[in-house]
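This report refers to the structure that appears directly beneath it.
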Amino acid sequence: MLIKKSVILIMALLSSACGYHLRGALELPAGMKNVYLDGGSAELREQFKRAMDISSVALASSPETAGIIVKIFNEDNQRRVLSLGSGGTANDFELSYRFDYELVDAKNKVLSARQPIEIKREYYNDQLAVIAKDNEETIIRNEMYQQAVRTIVNRARVALEANPK
């Protein structure tokens, strides 16, 4: 029994020493420990909140209490047919997600000027599995929101390194 507990303790110590972290956890810069998201769709806000929760960062309830504010502008989702089958049904779709964002500090000083993020994905539309393909589109869109959040965090890291307090 003692050997079993020792092995578990050693594995726990080794996993923490190797930099293990939860999947989806983001390495956030020090200036991003208190974030407020201004604007954005419910889906983007949900993915942003989920990423911050996994990374042990609380979202600020107001811009006044935030260390950094992420402002979202002109958010747009598109779905376009890429190819048609012989029966005139869509075989392939392209999903696109685009928005502009800006990073400002609590004093409304611009840390990163307004810039766009655009993400595109394609998927095959199997006419024999319509319900499954509808679910696939939802999953793809969620992955696009997750990628957008990672992009914002990565660009914020660069902006905060360029503008130390």
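Test Ile69 against the stated conditions and say whether it is β-branched (Val, Ile, Thr) and in contact with a helix residue (DSSP H, G or I) (Cβ under 7 Å, 6 or more places away or on another chain).
Spelling it out, Ile69 is indeed β-branched (Val, Ile, Thr) and in contact with a helix residue (DSSP H, G or I) (Cβ under 7 Å, 6 or more places away or on another chain).
With the requirement that a residue be within 25 Å of Glu137 (Cα to Cα) and either more than 15 Å from the chain's Cα centre (by Cα) or not aliphatic (A, V, I, L, M) (or both), what does the stretch 54-79 give you?
Hits for the stretch 54-79 are Phe73, Asn74, Glu75, Asp76, Asn77, Gln78, Arg79.
Conditions tested, residue by residue: (1) loosely packed, with under 14 Cβ neighbours inside 10 Å; (2) in contact with a helix residue (DSSP H, G or I) (Cβ under 7 Å, 6 or more places away or on another chain).
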{"site": "Arg50", "(1), (2)": "no, no"}
{"site": "Ser55", "(1), (2)": "no, no"}
{"site": "Ser86", "(1), (2)": "yes, no"}
{"site": "Ser96", "(1), (2)": "no, no"}
{"site": "Tyr101", "(1), (2)": "no, yes"}
{"site": "Ser112", "(1), (2)": "no, yes"}
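Return yes or no: is Ile69 touching a Pro at 6+ places or on another chain (Cβ under 8 Å), among the hydrophobic types (A, V, I, L, M, F, W, C), part of a strand (DSSP E or B) and modelled with pLDDT of 90 or more?
Yes; evaluated as a whole, the condition is true for this residue.
Could you look through the stretch 26-58, keep only residues that are outside any helix (DSSP H, G or I) and of a type in the set (A, V, I, L, M), and pick out the one that is modelled with the lowest pLDDT?
Leu26
Residue check, Asn74 against (1) modelled with pLDDT of 85 or more; (2) on the phi < 0 side of the Ramachandran plot, all met but one. Which one?
Among (1) modelled with pLDDT of 85 or more; (2) on the phi < 0 side of the Ramachandran plot, the lone unmet condition for Asn74 is (2).
Identify all residues within the stretch 116-139 that are touching a strand residue (DSSP E or B) at 6+ places or on another chain (Cβ under 8 Å), surrounded by 11 or more Cβ atoms within 10 Å (Cβ to Cβ) and either at pLDDT 85 or above or among the charged types (D, E, K, R) (or both); write none if there are none.
If the condition is that a residue be touching a strand residue (DSSP E or B) at 6+ places or on another chain (Cβ under 8 Å), surrounded by 11 or more Cβ atoms within 10 Å (Cβ to Cβ) and either at pLDDT 85 or above or among the charged types (D, E, K, R) (or both), then Ile117, Glu118, Ile119, Lys120, Arg121, Glu122, Tyr123, Lys133, Glu136, Glu137 are the ones that fit.
Just to be sure before I move on: is Glu143 at pLDDT 85 or above, part of a strand (DSSP E or B), farther than 27 Å from Ser62 by Cβ and under 20 Å from the mean Cα position of the chain (by Cα) in the structure I sent?
When the stated conditions are applied, Glu143 does not pass them.
In the stretch 78-121, how many are in a strand (DSSP E or B) and of a type in the set (S, T, N, Q)?
The total comes to 6.
Being part of a loop (DSSP other than H, G, I, E, B) and aliphatic (A, V, I, L, M) is the filter; apply it to the stretch 14-25 and report the residue that is modelled with the highest pLDDT.
The residue in question is Ala25.
The values are calculated or read from the model by the stated rules, or taken from the named source; none is laboratory data. Model, not experiment: these values are computed from the prediction. Every residue, glycine as well, gets a Cβ built from its backbone with ideal geometry; the counts of neighbours run over all protein chains shown.
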